[in-house]
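**Student:** Before we start, here is the structure in question, set down as C-alpha cells.
The values are calculated or read from the model by the stated rules, or taken from the named source; none is laboratory data. Everything numeric in this text was worked out from a predicted model, so none of it was measured. Backbone-built Cβ (ideal geometry, glycine too); neighbour counts: all protein chains shown. Ligands, DNA and RNA are stripped out before the accessible areas are found, and what is left, the full protein with its side chains, is counted by its heavy atoms. Shrake-Rupley method; radii C 1.70, N 1.55, O 1.52, S 1.80 Å.
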Amino acid sequence: MKKTFTDTFLLRLAAAMVFLTHGLHGIFTNNDVNDFGKLFLNKIGLAPFGVLVAWTIVFTQIIASILLLVNYSVKAAAFVNIVILLSGIALIHFKEGWFAVGAGRYGMEFSVLLIFVLLAIMFPKVMFKTS
C-alpha cells in the first residue's frame with residue numbers, strides 16, 4: 001500500500017470528509033436515500049431502479065472516501081466521484097445556475113470545485129509542478 005501522508009494528503013482528506021459525510025448523512029437522515037431514489041431518480045426515467053441507483057451512489061461515495069483516505073486506488077476513487085458529480089450537474093445543478101448558496105440555490109459551483117480538487121488528486125504532478 002502507498003504511504004498515506006503524501007503531497008495530496010490534505011486534498012484527499014478534505015474530499016474524503018465531504019463525500020463521507022454526504023453519504024453518511026443520506027443514510028442516517030429521514031430516509032434521504034430512498035426518497036432521492038423514489039421521488040427524483042424514478043421520476044426522471046430510472047424507475048424502477050431509482051432507489052438502487054441512489055444506494056449505489058451513496059455506497060460508492062463512502063467506499064471512495066475510505067480509498068482516498070488510505071491512498072489506495074486513488075485515481076479510480078476520484079474518477080467515480082467525478083462521474084457522480086458530473087451526473088449531478090447534468091441532472092440537477094446546471095439548471096439551477098452557478099451558485100450553490102447566497103446568490104442562488106442548488107447551483108453547480110461546489111460540484112465544479114470538487115471536480116477540480118479530485119483532478120488535482122488524480123494528477124498531482126501536473127497540478128503541482130515545481131520548477
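**Student:** Please list, ordered by first then second residue, the pairs with beta carbon atoms under 8 Å, 6 or more apart or interchain, first in segment 24-36 and under 17 Å from LEU52 (Cα atoms), second among the aliphatic types (A, V, I, L, M) and open to solvent by 60 Å² or more (accessible area, probe 1.4 Å).
**Tutor:** Pairs that qualify, where the first residue is under 17 Å from LEU52 (Cα atoms) and the partner is among the aliphatic types (A, V, I, L, M) and open to solvent by 60 Å² or more (accessible area, probe 1.4 Å): there are none.
**Student:** Could you check GLU109 against (1) touching a helix residue (DSSP H, G or I) at 6+ places or on another chain (Cβ under 8 Å); (2) buried (at least 16 other Cβ atoms within 10 Å of the Cβ); (3) modelled with pLDDT of 95 or more; (4) not aliphatic (A, V, I, L, M) and say which number it fails?
**Tutor:** The single condition GLU109 does not satisfy is (1).
**Student:** Name the single residue, out of those in segment 1-39 being aromatic (Phe, Trp, Tyr) and open to solvent by 50 Å² or more (accessible area, probe 1.4 Å), that is modelled with the highest pLDDT.
**Tutor:** Restricting to residues being aromatic (Phe, Trp, Tyr) and open to solvent by 50 Å² or more (accessible area, probe 1.4 Å), the top hit is PHE36.
**Student:** Only residues that are part of a helix (DSSP H, G or I) and among the small types (Gly, Ala, Ser): list them for segment 80-102, please.
**Tutor:** Answer for segment 80-102, where residues must be part of a helix (DSSP H, G or I) and among the small types (Gly, Ala, Ser): SER87, GLY88, ALA90.
**Student:** Mind checking which pairs have a first residue in segment 107-125 that is hydrophobic (A, V, I, L, M, F, W, C) and a second that is outside any helix (DSSP H, G or I) and surrounded by 16 or more Cβ atoms within 10 Å (Cβ to Cβ), Cβ under 7 Å, 6 or more apart or different chains?
**Tutor:** Listed by first residue and then by second, the contacts come to PHE110/ALA100; ILE121/THR8.
**Student:** Contact list please: Cβ distance under 7 Å, first residue in segment 72-101 and on the phi > 0 side of the Ramachandran plot, second residue part of a helix (DSSP H, G or I), pairs at least six apart or on different chains.
**Tutor:** Hits for this filter: SER73/LEU67.
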